[in-house]
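Okay, structure first, notes after.
Coordinate-derived values only; no laboratory data. Quick caveat: nothing in here was measured; it's all calculated off a predicted structure. So basically every Cβ, Gly included, is an ideal-geometry build from the backbone, and we count neighbours across all protein chains shown.
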Amino acid sequence: MPRKPAKPKPARKPAAAPSPGSSPASAWTPAAIRALRERLGLTLKQAAAAVGVTLRAWQSWEANERIPSGQSLILLDLLASGRIDLPKKKTD
């Protein structure tokens, strides 16, 4: 018995664009994360607090032990763009 011709597969939908303000994780390399912190003049502890992560999490990003994801990527973008209030520097 002859086979019926296969139906053509529908075209794939393009992947959804990233949400506004978020960067691909590859943009936030350990060197870029450290450079951002140093450019802003922040300590490790201050940088971690600015994006709401633990000191250890920030250290692991800079040491290439972990990569930021999810909300952390958005917060890094906001920190880089100056849309996160930084701790005031003490003046004596």
**Fill in**
Yeah, the range 25-81 with a ≥ b ≥ c from its alpha-carbon gyration tensor (a/c under 1.5 is rounded, else prolate when a/b outruns b/c, oblate otherwise) is rounded
**Prompt:** About its Cα centre, how strong a charge dipole does the range 25-81 have in debye, to the nearest 20, once Lys and Arg get +1 and Asp and Glu get -1 at the Cβ?
**Reply:** 120
